[in-house]
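**Student:** Pasting a structure below so you can have a look.
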Amino acid sequence: MKKQRAVVIGVGYIGMVHIQELRRLPNVELAGVVDKNQELARSIAAQYGIAHYSDSQSVLEDPKVDVIHNCTPNREHFPLNKAALLAGKEVFTEKPLALTTEESQELVMLARERKTRCGINFCYRYYPVVQEAHARVAKGELGTVYNVLGHYLQDWLLYDTDYSWRLDLQLAGSSNILADLGSHWCDLAQFITGLSIEEVFSDFRTTLSLRKKPKGGEALTFSKTQATEFEELPISLEDYGSLLLRFENGARGTFTTSELAAGRKCDIEIEVYGSQSSLAWRHERSAELWLGHRDKANELFFESPLLQSEETRRFARLPSGHPMGYHDAIYNLFADYYEYLQSKACGKSSELNFPDFEAGHREMLILEAAMASKEQGAWATVARDS
Ligand SMILES: NC(=O)c1ccc[n+]([C@@H]2O[C@H](COP(=O)([O-])OP(=O)(O)OC[C@H]3O[C@@H](n4cnc5c(N)ncnc54)[C@H](O)[C@@H]3O)[C@@H](O)[C@H]2O)c1
């Protein structure tokens, strides 16, 4: 078995998660890292005993590199993903896939032309009981889906001294929180129910429209700035958003997201109500799946390689009673992605349902509709992907 040689580009918060999970996979060799911050990349390379590339171009020109993991800020996703595909590399990218639907469409077409599937890190799908939720809905256990409700709340941008490139239009694109947290939740909602979101009505707010950016460089995501001097900056990107949703079968939904929710660190909640029963999952208790019934007692299902449905057992990698976590969900996703690459290398087809550029493009289309709805103050239709 040839190991796939992977390079991680961007070694901030999520790049380090990629590094750690790639190292767990038997069919991958972590070959090197790149970061705009050379000192950071050099120290990570030394720590892990891997190559330090001076820039992305040198990675794309290295014939020994098979796969790039694009963990840079949003603005770099499209140009780097495109350049990597054109250079004949496989691509696993962070979300959002691009800044516009024109760009995301181009990446979908390019991947098709190259006869490959590229991965995107919609990792929350890969918790064992989220896969179980998907399987149960697909088997019809809930009946017809009527409603999908939920939120994704964080508090790391609560104070006006909290600053991130995610609030910079040039680096993040036209949306902060909806592109960032909303794309995860909408992917989850569509994955669990198997239903596409077809129409949205949105409301956004930039609650803190003036923030203090640290002088001398901002901190990496989720870390505290050490700065003592700040410059005041006007902010136009939203820190709050709500969506009303209509799904393809007529089901209705609501979603709210905020980065100003004190005490909520990474609180994702999704509830699916059907004609027979319902289910609910919450990230802060990610090993549990709540199953709701009308005529008998409700159940709390705990992830288990013994008790889950046949098709989802492989995602529960620890003995029953031992909860998995965020790193393991990403490991599960990477495992599927690299299994796909291995099948492809052997000329075999693969049925694995990992999130790919098409899923990333769908999220961009939902975002585009949400932005249009905000502008028009009306329902907006999500364009169909072609
Ligand atoms: N899937 C998830 O759960 C998840 C979680 C966090 C972040 N993300 C996504 O990952 C991306 C990165 O977010 P983060 O939180 O790690 O940010 P971060 O600011 O912590 O790290 C970004 C890193 O990229 C480097 N960088 C910037 N431009 C570069 C370039 N042109 N070439 C090489 N390196 C460059 C920066 O120096 C920094 O080290 C974002 O697009 C974000 O949406 C996804």
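**Student:** Using DSSP to define loop residues, name the trypsin sites (Lys or Arg not before Pro) in the stretch 206-304 whose beta-carbon has at most 13 other beta-carbon atoms within 10 Å. Intermediate values should be presented prior to the final figure.
**Tutor:** On the way: sites: ARG211, LYS212, LYS215, LYS224, ARG246, ARG252, ARG264, LYS265, ARG282, ARG285, ARG294, LYS296; in loops: LYS215, LYS224, ARG264, LYS265, ARG294, LYS296.
Here the sparse-neighbourhood loop sites are LYS215, LYS224, LYS265, ARG294, LYS296.
**Student:** Further question: Would you mind counting up the charge near PRO305? Only other residues with Cβ under 14 Å from its Cβ, with Lys and Arg at +1 and Asp and Glu at -1.
**Tutor:** Taking every Cβ under 14 Å from that of PRO305, the sum is -2.
**Student:** Continuing with the same structure: Which of the GluC sites (Glu not before Pro) found in the stretch 229-260 are loop residues per DSSP with 11 or fewer other Cβ atoms within 10 Å of their Cβ? Let's see the in-between values first.
**Tutor:** On the way: sites: GLU229, GLU231, GLU232, GLU238, GLU248, GLU259; in loops: GLU229, GLU238, GLU248, GLU259.
Here the GluC sites (Glu not before Pro) that fit, given the DSSP loop and packing criteria, are GLU229.
**Student:** Let me ask another. Under the Kirkwood approximation applied to all pairs of distinct alpha-carbon atoms, what is the hydrodynamic radius of the chain in Å?
**Tutor:** Working: mean 1/r = 0.0462 Å⁻¹.
Computed over the chain, the radius equals 21.6 Å.
**Student:** For the stretch 4-122, what does the relative contact order come out to in percent, with C-alpha contacts under 8 Å and a separation of six or more?
**Tutor:** Numbers: 197 pairs, mean separation 27.9, N = 119.
So the answer I get is 23 percent.
**Student:** Per-residue ellipticity at 222 nm for the chain, helices alone: DSSP H runs ≥ 4 residues times -39500 (n - 2.57), over residue total, nearest 500 deg cm²/dmol?
**Tutor:** Working: 10 runs with 115 residues, N = 386.
So the helix-based figure for the chain works out to -9000 deg cm²/dmol.
**Student:** What length, rounded to one decimal in nm, is gained on full extension from LEU40 through to LEU233, with 0.36 nm per residue of separation minus their alpha-carbon distance? All intermediate terms of the calculation are to be shown ahead of the outcome.
**Tutor:** Numbers: separation 193, 0.36 × 193 = 69.48 nm, distance 2.68 nm.
Answer, rounded to one decimal: 66.8 nm.
**Student:** Once the other residues with Cβ under 14 Å from the Cβ of LYS95 are scored (Lys, Arg +1; Asp, Glu -1), what is the net sum? Don't jump to the answer; show the numbers that get you there.
**Tutor:** Numbers: positive: ARG75, ARG125, ARG166, ARG362; negative: GLU76, GLU94, GLU103, ASP180, ASP187, ASP356, GLU358, GLU363.
So the environment of LYS95 carries a net charge of -4.
**Student:** Another question about this same structure. If you build a Gaussian network model of the chain, linking Cα atoms that sit under 10 Å apart, which residue out of GLY194, GLY119, GLY150 swings the most?
**Tutor:** Residue with maximal mean-square fluctuation among GLY194, GLY119, GLY150: GLY194.
**Student:** Which whole-number percent is the relative contact order of the chain (Cα, under 8 Å, 6+ apart)? Could the numbers behind the result be given before it?
**Tutor:** On the way: 816 pairs, mean separation 76.7, N = 386.
The value is 20 percent.
**Student:** Just flag the trypsin sites (Lys or Arg not before Pro) in the stretch 129-170 sitting in loop per DSSP whose Cβ has no more than 16 other Cβ atoms within 10 Å. Don't jump to the answer; show the numbers that get you there.
**Tutor:** Numbers: sites: ARG136, LYS139, ARG166; in loops: LYS139.
Loop-located and lightly packed - LYS139.
**Student:** Given the convex hull of the Cα atoms of the stretch 114-165, what is a quarter of its surface area in nm²? Please list the in-between numbers first.
**Tutor:** On the way: hull surface 29.7 nm².
The number I arrive at for the stretch 114-165 is 7.4 nm².
**Student:** Compare SER373, SER58, SER242 in a GNM of the chain, Cα atoms joined below 10 Å, and give the one with the largest fluctuation.
**Tutor:** Top of the fluctuation ranking is SER58.
**Student:** Can you tell me how the stretch 196-299 classifies by the Cα gyration tensor, rounded, prolate or oblate, using a/c under 1.5 as the rounded cut? Could the numbers behind the result be given before it?
**Tutor:** Numbers: a/c = 4.15, a/b = 1.95, b/c = 2.13.
Oblate shape, in that a/c is at least 1.5 and b/c is the bigger or equal ratio.
**Student:** Among the listed pairs LYS36/LYS215; LYS36/LYS213; LYS89/LYS374; LYS36/LYS212; LYS139/LYS296; LYS95/LYS344, which are separated by more than 26 Å between their Cα atoms?
**Tutor:** Values: LYS36/LYS215 18 Å; LYS36/LYS213 20 Å; LYS89/LYS374 38 Å; LYS36/LYS212 24 Å; LYS139/LYS296 20 Å; LYS95/LYS344 24 Å.
From the list (LYS36/LYS215; LYS36/LYS213; LYS89/LYS374; LYS36/LYS212; LYS139/LYS296; LYS95/LYS344), the Cα-Cα distance tops 26 Å for LYS89/LYS374.
**Student:** What is the percent of Cα-Cα separations in the stretch 128-324 that go past 28 Å?
**Tutor:** Working: 7170 of 19306 pairs.
The share of Cα pairs beyond 28 Å in the stretch 128-324 comes to 37 percent.
**Student:** Also, quick follow-up: Output the Cα-based Rg and Dmax of the stretch 79-210 in Å, rounding Rg to one decimal and Dmax to a whole number.
**Tutor:** Rg then Dmax for the stretch 79-210, in Å: 17.4, 49.
**Student:** Treat the count of other C-beta atoms within 10 Å as a stand-in for reagent exposure and order ASP239, ASP168, ASP160 from fewest to most. Show your work: numbers first, answer last.
**Tutor:** Working: ASP239 24, ASP168 20, ASP160 16.
Result, fewest neighbours first: ASP160, ASP168, ASP239.
**Student:** Counting other beta carbons within 10 Å of each residue's own, what order do THR257, THR100, THR225, THR144 fall into, fewest first? Before the final figure, lay out each step's value.
**Tutor:** Values: THR257 26, THR100 15, THR225 19, THR144 11.
Least crowded to most crowded, the residues run THR144, THR100, THR225, THR257.
**Student:** P(r) for the stretch 227-386, please, calculated from all Cα pair distances in 5 Å bins and given in %.
**Tutor:** 1, 6, 10, 13, 16, 17, 15, 11, 6, 3, 1, 0, 0
Coordinate-derived values only; no laboratory data. Here the structure is a predicted model, which means the values were calculated and not measured. For neighbour counting, all protein chains shown are included, and Cβ atoms are generated from backbone atoms with ideal geometry for every residue, glycine included.
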